[in-house]
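Right, one structure below, let's go through it.
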Amino acid sequence: MSNVEQLEAMTGLEPGQISLVPHDSSWSDLAEGELERIKTACPDAIIEAEHIGSSSVSGIMSRPVLDLLIGVEEMMHSGDTIQPLKLIGYRCHGEQGVPGRRFFSLSREGRILVHVHLYRVGSPLWNAAIAFRDHLRSDPESAKAFDELRVECMRSDPGDLAAYEKAKREFEANAIG
């Protein structure tokens, strides 16, 4: 079974939907396979690639969507990724409200399976994404608190994506300073 076929077996999410599921140990391998597929599609533009987000942290709940971080030397080179990523099934959403980012998604049958965040390697956005992932991986108490916060957001106001995202951002800012 190809990596894309394995990705298609993921639950994924409908656009605008929030759902948390227990961590799946296969996500790491799926992320690595998809990162390789992306690097193969954009061999000259991408200089680093990482699996980030809660799907990259064992033991915590996650949305059933892989979050991938790809890095370019300069954002002026980010345009070199658009067409190659479209050719392998990604949709480009521009900055999607985050200046300095280019955002992509991979969907099948109306379900989002992968989010790709493209930043300049070494930029504050790049460094923050890596630092937060590494913080959660190395601090089980903080990972548990992050997990509990997101579960409580889901319980107190199901479907409020804006409140959920705001709570996550505030936790991240406090965790990595």
statement: Once phi for every residue in segment 7-23 is put through the Karplus expression 6.51 cos²θ - 1.76 cosθ + 1.60 (θ = phi - 60°), the whole-Hz ³J(HN,Hα) values, with Gly and Pro written as x, are 4, 5, 7, 5, 4, x, 9, 6, x, x, 7, 10, 7, 10, 10, x, 4
- line: Normalised Cα Rg of segment 3-176, dividing by 2.2 N^0.38 Å with N its residue count, works out at 0.99
query: Under a straight-distance cross-link criterion of Cα-Cα below 19 Å, which lysines are reachable from residue 168, leaving out those fewer than 8 residues away in the same chain?
result: 144
query: Quick one: of the DSSP bridges fully inside the chain, what percent are antiparallel, nearest 5?
result: 70 percent
field: Partners for residue 39 among lysines (Cα-Cα distance below 18 Å; same-chain residues under 8 apart left out)
entry: 86
- prompt: Dipole magnitude of segment 3-176 about its Cα centre, charges +1 at Lys/Arg Cβ and -1 at Asp/Glu Cβ only, in debye to the nearest 20?
  reply: 340 debye
message: Using only the alpha-carbon atoms, how far is helix 140-156 inclined from the longest principal axis of the chain? Give it as 0 to 90 degrees, nearest 10.
response: 80 degrees
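Taken together, the values in this text are just the output of simple stated rules run on the coordinates, not laboratory data. Owing to the predicted nature of the structure, the values given are computational and were not obtained by experimental measurement. Methodologically, a virtual Cβ is constructed for each residue, glycine included, from the backbone with ideal geometry; neighbour enumeration extends over all protein chains shown.
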